[in-house]
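This report concerns only the one structure given below.
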Amino acid sequence: MVLALLALNKQLDLQTLVTAAARDTAKEQGWYASRRPVQVGAVLGGLLLVALGGTLALNALRGSLRRMWPALAGLALIGAYIAVRMTSLHELDAVVIGGWFPMKWWTELLGLALIAWSAQRKEHRPVSARTMDANIGS
């Protein structure tokens with residue numbers, strides 16, 4: 001569900017719309033020149049939401065964490081990237097966009113690879129544990 005919403009956002013470019021609306025509001029209300037604390041707060045708030053979502057997911061998936069950790073790590077990586085890219089902080093943009101293999105490429109690719117890896121993984125349990133589960137169910 002989360003990835004479907006992110007895919008929809010990517011296609012509709014909703015973050016650009018939100019950023020433009022926030023910029024226009026800041027200019028209209030006269031605080032655009034001192035926007036830096038708001039931008040930093042937005043990034044920190046986004047990272048806090050990612051951490052909170054990760055904590056809730058860890059608690060909800062406690063029993064299958066051994067199998068699901070790559071997917072959670074991938075979602076956290078993509079969420080952290082989105083939180084950092086949410087605003088245009090020049091110091092962060094230099095890291096995210098610059099270099100020979102920009103962060104914007106490897107974070108998305110690594111996050112998706114972790115999610116795909118988790119999706120194809122099978123839970124490896126000893127035969128005795130599977131047999132025991134089958135006997136309990138009958």
Query raised in the report: For the range 28-44, does any single residue satisfy the condition of being at pLDDT below 90, part of a helix (DSSP H, G or I), of a type in the set (A, V, I, L, M) and in contact with a helix residue (DSSP H, G or I) (Cβ under 7 Å, 6 or more places away or on another chain)?
Result: yes
Query raised in the report: Among the candidates ALA4, ALA42, ALA33, which residue alone is farther than 26 Å from ALA113 by Cα and under 18 Å from the mean Cα position of the chain (by Cα)?
Result: ALA42
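Yes/no matrix, rows are residues, columns are (1) of a type outside the set (Val, Ile, Thr); (2) modelled with pLDDT under 75; (3) surrounded by 15 or more Cβ atoms within 10 Å (Cβ to Cβ); (4) outside any helix (DSSP H, G or I):
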position	(1), (2), (3), (4)
GLY63	yes, no, no, no
ALA80	yes, no, yes, no
VAL96	no, yes, yes, no
TRP105	yes, no, no, no
GLY111	yes, no, yes, no
ALA116	yes, no, no, no
ALA119	yes, no, no, no
THR131	no, yes, no, no
ILE136	no, yes, no, no
Report task. For GLN15, work out the one condition from (1) over 17 Å from the mean Cα position of the chain (by Cα); (2) modelled with pLDDT under 90 it doesn't fulfil. Result -> (1)
Query - Test set (1) at pLDDT 90 or above; (2) surrounded by fewer than 12 Cβ atoms within 10 Å (Cβ to Cβ) - GLY54 fails condition number - result: (2)
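The values are calculated or read from the model by the stated rules, or taken from the named source; none is laboratory data. These numbers come from a predicted model, not from an experiment. Neighbour counts run over all protein chains shown; Cβ positions are idealised from the backbone, glycine included.
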